[in-house]
Structures are given as structure tokens and as C-alpha cells.
1. For Lys223, which lysines qualify as cross-link partners when the Cα separation must be under 26 Å and same-chain residues fewer than eight apart are set aside?
2. Work out the FRET efficiency for Ile345 and Tyr103 from their Cβ-Cβ distance, taking R0 = 45 Å, and round it to the nearest 0.05.
3. Between Arg46 and His84, what is the label-to-label distance in nm when each label sits 7 Å out along the Cα-to-Cβ direction?
4. If I stretch the segment between His378 and Leu121 completely, what's the gain in nm (0.36 nm per residue apart, minus their alpha carbon distance), one decimal?
5. Peptides 261-268, 224-231, 288-295, 173-180: what's the order by average Cβ count within 10 Å, highest mean first?
6. If amide hydrogens are placed 1.01 Å from N in the peptide plane, which non-local residues have theirs closer than 5 Å to the one on Leu186?
7. In nm, give the distance between the simple-model label positions of Ala201 and Arg131, each being 7 Å from the Cα along the Cα-to-Cβ direction.
8. Could you work out the Kirkwood radius for the range 40-163, taking every pair of different alpha carbons, averaging 1/r and inverting it, reported in Å?
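Nothing in this text is a laboratory measurement; each read-out follows from the coordinates by a stated rule. Because the structure is a prediction, the values reported are computed rather than measured. Cβ placement follows ideal geometry from the backbone for every residue including glycine, while neighbour counts extend to all protein chains displayed.
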Amino acid sequence: MLPGMQHPTVLSWESMARLTTMDPNGSTIAGPTATLIYDDWYPALRSDRLRGNKLETAMLLDLPLVLGRRKDGKIFAMRDSCPHRGIPLSVGWFDGEHVTCRYHGWEFEPCSGQCAAIPSLSSFDKLDATRIFASAYPCVEKDGYAWVFIPGAGSGRRKDIAELPALPELPKFSEHYRSAHLTADLPCNVDHGIIGLMDPAHGPFVHQAWWWRSRASIREKTKRFEPIPEGFRMAAHAPSGNSAPYKLLGVYGQPIETTIDFVLPNRRWETIRCGDKWFASLTTVTPVTASTCRIDVVGAWNVFYSVPFVTSIAKFFGAKFVRQDQVTMIQQAEGLKHNPSLMLIDDADKPAKWYFALKQARLEGSTKHPMDGPVELHWRS
């Protein structure tokens, strides 16, 4: 090792419990566990799926959910389990006001979880059904997603959304804009998904394409990072000159600036400004189970607003981009099933190190931040 070089951080997973999951081809994949962060908002599914009296299911943080939309338009999320005998509520009925259990007909108001009726009670019973609650969670519709607040064990029912952490939101900088979303399932735990999300060095290898960049385009880069609450920011900078989409913005003849934020537990915001033209995206990596996760991307923009089919074009190339990441994670999972020791190096892996330090502080209830102030990082990509 040369003088002045820092030793890589070695991530040893041997002491962790091994969990298995399945890749899209049905093969068994083993991987390390990841400690999950509770008491925060996570996107469960696209809210346009919640229509009429239809119930939808989702899994967040190993928690089975049933979601729907009341007649008044308000969406809800409940644990997909009747508190009576545990049968999934999703196999029952919903009339727009109450969710009815298929087994014994117990009825629940879905936003509060309060039991409204137990058909088997007779005039001799003293039980007050309204004192029984199924588990219901704060659920809010934002940017086309049903966001659900998942509390930690033993924290009780959450009633006032105003007392909860702020709901993530995609920034918009004009009245008129277009938007699109993408999603992909990843056969890895949330930690691997997130450090893959913030990894700056994989682009020329994973995302080789004529419309993005080539391996031959690798060049040295310097970026300035700043600490922000529960995260860090790649300060405003000119975007990479070796990425074709950024070059297209040159037609506007204005300076181009990009800002990227990462904030716990799983959020990456990117904003690109070019005069009054802009593009913004919010990407989340959500733990579905302890060993699988899902990436969701929602974007909005007014660049090339008048170009025909711009949304379809953006979704086409965006889907290819996300698919490249998905395939890489599937391939990585093949290696992880042998439980290797892993390492993080400087400077390209420094954001990953910050993420693990921020997460550890959050789990310990500490406000300690791994960054003392602004830092310049250097890498080639």
C-alpha cells in the first residue's frame, strides 16, 4: 500500500444470519440481513391502483399490508391480518366504508382500524366491539404513490399525521410539467440496494450505451459534498460531460447545474436546472423483506416540454437504465450467496460509508453525523 493511502473498509457478513430469496428465474439466492429502519414513510404502491372497492396488497419491511380507497377518496393501509383469527383481510370485502373479514364478518373502519361490528355477538354479550382495533397505519397519497408510515414495534397507534416526520415530496419548479415513474424489484437487502443507488463509479460499466456513456469515456471527477440532516448533498455542479442526456440540455444555451441529495432512510433527490428549464427525480429503495427490496423512481420535468412523445421516450430509456441496475443486482446476488467479505474504498465508496454511519446513528438514537463539514471527493467514472 502506498504512503498516504487509506485502508479499505472491510464489511464482514459472516456473523449475520443468512436469508434466502428467489431471483426471477426461480433460483435460490442467499444473502446477508439488513437492519430495517422503522418510524418513517415508505412508498407501498402506485396510488392509481386504488380504485373503487378494490383491495390491493403490498409488503413493506416484512409487514403484509392491505390498501384501498374509501368513498370519500381517502386512501388507507392496514395490516393484512384480522385481529380475531389472523386471516388476511384482503380476501374479504370492502364496500367503500368498511373492510369486512371473510371468516366471521367482523367489520373495520380502515383508516383507524376500529371494529364497527361483530355479527356473532348476541344480546347476552357485554363486549364493546368498538374497543377492538385492527392494525392501521398512516397513509397519504403523494406524487402518485401511497406512502405508508411504518412504526417500530410497541409504538402504538399513530393518530396525528402532523406529529410524524415530513412526507417526502418531488420538487416541481413550474406550473406545467410532465412526469413518469419506474419500478424494479431487486433480489438483495436494502443496504446493497442503497449503496448501489449512490455508487458513482459503476456508470461506464453497468450503463454502457450509445445514449448514455461508454467505458472509454471514463475521466477523473471532483465533487463537493456537504452534510445535511440525516444525509449528505452533492453540491450544485455542472453535470457529467460524458453523459449524452446532459449534453442535450446544451440546446437551451444556459449553464446547467445538478444537485443530488441523499437522506435516510432510502431517498435520493436529483435536481437539474438550466435557466427556467428543469428536471427533478426522487428515487427510493424500499425494503420489502429483510432480504429483498424495490427501487421506485418518479420524475418530473419541463425540459423539451413541447417535444411529441417525450414522456414515452423518457420512460423507454429510463426503463432500460433501471433494468441494467436490476440485472447487475441479480448477478451480484449470485456472488453474495457464498457469503464473502466485502470492502469499501475511498473516495468512490465514501458516500456508502457515510450511509452506514448515518444509519447506525439513527438506529442508536443519535444525531451524530459522519461529516464534520464540506468534503471534496475524487474518482474516475
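1. Lys172, Lys247, Lys277, Lys350, Lys353, Lys359, Lys368
2. That pair, Ile345 with Tyr103, gives E of 0.25.
3. For Arg46 paired with His84, the spin-label model returns 3.5 nm.
4. This chain segment gains 85.6 nm when fully extended.
5. Going by the mean number of other Cβ atoms within 10 Å, highest first, we get 288-295, 261-268, 224-231, 173-180.
6. Cys293, Arg294, Ile295
7. Computed distance between label sites Ala201 and Arg131 equals 6.2 nm.
8. Taking every pair of different Cα atoms in the range 40-163, averaging 1/r and inverting gives 14.7 Å.
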